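K.L.:
Quick one: the structure is below, questions incoming.
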Amino acid sequence: MTLNYVGTCLAFSAAPTSSSCVVISCKQVADVVIDTWRPGESAWTTHRFKKCEPSWLWGPGEPAGATHFKNCEPSCHRYWTKCVFSNGVFYCLSTCGHLGVFDPREATWNLLPVKQCRAFLPDYFCFVTPVHLTEHEGDIFAIYTHQDNSNPTVFKLNMEQNVWDEKRDLGGLTVFTSASASFIRSGLSPEVRNRVYPSLADTNGKYYSLGDGRSSNPPPSPSLARCVAWV
């Protein structure tokens, strides 16, 4: 069986060998199009959601950074490039910092009223360096790599207040970033905790140390190799 994949991001809810695994693909089109696949199926199931412009993006009491939202190209918040599975749903991050949620059980799509992550503000964001999205035990993290190759900035989604909180310390966690997917591990040896390890083709062992930039051993460039990933 062959499944053609056309989309800007791909995510799994579990290991592909699990019978409960759900795979989703997000496409960049006029509407939000999400394709799903489950083990045993022979084709993608397509879910199409009409473009929505929620009032909280434009109305009174707009979140910080809303001006940048307004200045984005009309299709910007529909360009979904990062996606992770957590607590039964898929969280999708757009190139303008919008956060959408797809529920595979109900086949529903919603934009969350989350204040824009500082990584996407005009004086902060650069398309050359990526923003990574990952999950750990129900918590959602965004990792922004700086163009000047300084230590990345890590944000944690505060679901109660609908904001991204900047984290100066990872609490002993270790982040592994790559162009295709990123993940977090806990309980590793003390010398690798609170570090961000990028996936690179020829510079193994390079890392950023959060909370103590002086001990970082950064790569020569913040750009990641698109053909190299952590497994």
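K.L.:
What distance in nm separates the simple spin-label points at CYS21 and LEU188, each placed 7 Å from Cα in the Cβ direction?
P.N.:
About 2.4 nm, to one decimal.
K.L.:
Structure shown: which of LYS115/LYS167; LYS50/LYS82; LYS50/LYS156; LYS82/LYS167; LYS115/LYS156 lie over 18 Å apart, alpha-carbon to alpha-carbon?
P.N.:
Cα-Cα > 18 Å for LYS50/LYS82; LYS50/LYS156; LYS82/LYS167; rest within.
K.L.:
If you don't mind, there's one more thing I want to ask. Once you place label points 7 Å from the Cα toward the Cβ at SER215 and LEU112, how far apart are they in nm?
P.N.:
3.1
K.L.:
Turning to a different aspect of this structure: Under 15 Å from the Cβ of ARG185, count the other residues' Cβ atoms, weight Lys and Arg +1, Asp and Glu -1, and hand me the total. Provide the component values of the computation, followed by the final result.
P.N.:
Numbers: positive: ARG193, ARG195; negative: GLU135, GLU137, ASP139, GLU191.
Combined, the nearby Lys, Arg, Asp and Glu give -2.
K.L.:
Keeping all protein chains in position, work out how much accessible area LEU10 exposes to a 1.4 Å probe, and write it in Å² to the nearest 10.
P.N.:
Near enough 70 Å² of accessible area.
K.L.:
List the residues whose amide H sits under 5 Å from the amide H of VAL22, counting only those 5 or more places along or on another chain, with H placed 1.01 Å from N in the peptide plane.
P.N.:
SER13, ALA14
The values are calculated or read from the model by the stated rules, or taken from the named source; none is laboratory data. Since this is a predicted model, take the numbers as computed values, not measurements. No Cβ is skipped: glycine too gets one built from the backbone with ideal geometry, and neighbour counts run over all protein chains shown. Accessible surface areas use protein heavy atoms only, side chains included; no ligands, DNA or RNA. Shrake-Rupley method; radii C 1.70, N 1.55, O 1.52, S 1.80 Å.
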